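Novice: Before I ask anything, let me first share the structure, which is written out below as structure tokens.
The values are calculated or read from the model by the stated rules, or taken from the named source; none is laboratory data. All figures in this text were calculated on a predicted structure; none of them were measured in a lab. Virtual Cβ from ideal backbone geometry, glycine too; neighbours counted across all protein chains shown.
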């Protein structure tokens, strides 16, 4: 613990100590391309090695043909682009963020097919779902042909089984789930006698039944549970509302954001909702400030970790200022213990709300790319 505290203190006082010699060339995450030369990144700059590693991998470009702006802010739009490139690189690609698909409505994302393969419903037909209340942990979906109705019977299809496909054909990961038709008791209701305004509570309440499809517990298709995919669907329809879609689609960073959302790496509500300045008039406005505001340390770690998953732990010391129930706690814990990030003071505090410069982001990203650059107690 004392060695980590000392390392954190020295890092805060002498940033050049982070210029650790690069490991052997040919890292599995490194794309073979010549590094650019930037006039504002001399060899003596503390993060010059990291910038070169990230630039060679195709993950970080300059702010112009000749400048990197290491002391400038890393914006959320830039971070989304970096993460999309990193995900493509780790998937065997060339480090290029996927283009935005032509059609991306929620209705196209959720398609229900009967036993004969006939499409009979989409996301707009889902009127509710239950997960935690199911004793066996399964996911139960209620469907109706009228989204404003609370009808008790499923008239969309007579099929006893269905296949639910989540995603756009030909784009990203198409998730497939199998369901079985079932009628479920969802509650009870007292009847209102003719000519009266209020229910007759002296009579027994009648049970309420609704029909839908049950999807087995723990079913994971394409790396995501159905309950998680459904939660993101609500996030999609809320954050990508009619007021926002056209402007967000035109933003240079939106294709990267969409590809990460499609992969389940983040939710728009997490990303947009954490910036209170985006919230106006009762709805989330277009996050134009993604191109101006500096990224916070916790946001960078959470998005990078969503792409990489857990990395090998070097030191099990925990950041003292990160509680287990805080935003990005799992991601911060793993990256802190795997030598990707360190504390910002002698006590080892992570300080997740602190913003990042492009040079600092390069240092963190280089450690993700090359294990030999990771901070270690040894």
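Novice: Looking at (1) within 14 Å of residue 265 (Cβ to Cβ); (2) crowded, with 19+ Cβ neighbours inside 10 Å; (3) at pLDDT 90 or above, which is the one condition that is false for residue 328?
Specialist: Only one criterion in (1) within 14 Å of residue 265 (Cβ to Cβ); (2) crowded, with 19+ Cβ neighbours inside 10 Å; (3) at pLDDT 90 or above is unmet by residue 328, namely (3).
Novice: In addition: Among the candidates 117, 23, 71, single out the residue that is over 25 Å from the mean Cα position of the chain (by Cα) and at pLDDT below 85.
Specialist: From the options 117, 23, 71, the qualifying one is 23.
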